[in-house]
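The structure under discussion appears below in the form of structure tokens.
Just so you know, all these numbers are worked out from the coordinates, no wet-lab data involved. Keep in mind it's a predicted model, so treat the numbers as computed, not measured. Note that each Cβ is placed from the backbone with ideal geometry, even for glycine, and that neighbours are counted across all protein chains shown.
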Amino acid sequence: MILSCVGGLFLQLNTWDLVQSMGPLPKAVLAILVLLSLISWAVILSKWASFRRARSANRSFLRAFRKAPALDTIAAASEQFRRSPLVVVFDFGYSEVSRQMKSRGSVTNPLSLERTLQLGMSEELTRLERNMPLLATAATVSPFIGLFGTVWGIIDAFQQLSTAGAASLRAVAPGISEALITTAMGLFVAIPAAIFYNMFGSAIKEFGSRMEDFQLEFLNLTERTLER
């Protein structure tokens with residue numbers, strides 16, 4: 001019965017009016033949450049577009065790589081696949097192969113080549129993971145920031161109730177409604193951030209697996225080229 005009364009009173013109140021009537025601290029909490037939401041969605045949209053382009057470029061680069069007879073042929077055409085994470089790994093490997101070929105006439109240190117490919121993979125994974133901590137922070141911290149605003153608003157509402165001396169639900173409902181807005185906003189920020197953080201995390205693992213497989217293909221092509 002009480003919950004239905006609170007719900008009815010909340011629906012009768014305009015949300016924007018409640019926001020305008022908030023105190024300085026709840027408004028500051030809302031401003032922080034809005035800022036976190038904007039940052040989160042900027043990262044989400046940027047990552048979404050970047051990963052989509054990277055997948056497409058990976059497919060195109062792999063087709064070209066598997067058809068190429070030698071590393072030099074791929075190196076000449078790699079610029080058109082620059083969005084592909086695999087190209088970064090290829091560049092590292094090709095640089096090491098070229099260095100060994102110039103100094104010794106052949107690839108005499110395959111272990112060094114493998115390490116160089118690993119460095120390229122590590123550098124590209126670091127780039128792919130850029131700004132991911134922002135999503136993790138928004139997903140983790142936003143509910144607590146919203147809860148802080150709610151607790152503060154409820155304390156303020158009951159203080160006003162004790163001052164007014166009117167112990168009725170209608171007297172305290174507007175203050176509680178104002179307080180609950182910050183919790184709702186905190187969840188609004190946290191839920192998409194958590195969903196996309198997990199989605200992008202899976203995508204980065206997928207890119208990592210593709211790069212590990214590509215390292216093997218690069219080593220195989222290098223060996224075949226040198227055997228000719």
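Within 10 Å of each residue's Cβ, count the other Cβ atoms and sort Lys67, Lys47 from fewest upward.
If I rank by nearby Cβ atoms, fewest first, I get Lys67, Lys47.
If the cut-off is a Cα-Cα distance under 16 Å, which lysines reach Lys205, setting aside same-chain residues fewer than 8 apart in sequence?
Straight-distance partners of Lys205: Lys47.
With label points built 7 Å along Cα→Cβ from the Cα atoms of Gln159 and Lys205, find their separation and express it in nm.
Going from the Gln159 label point to the Lys205 one covers 4.7 nm.
Can you tell me the FRET efficiency between Leu219 and Asn198 if r is taken as the Cβ-Cβ distance and R0 is 22 Å, rounded to the nearest 0.05?
0.10
From the square roots a ≥ b ≥ c of the eigenvalues of the alpha-carbon gyration tensor of the range 21-227, which class results: rounded (a/c under 1.5), prolate (a/b over b/c), or oblate?
prolate
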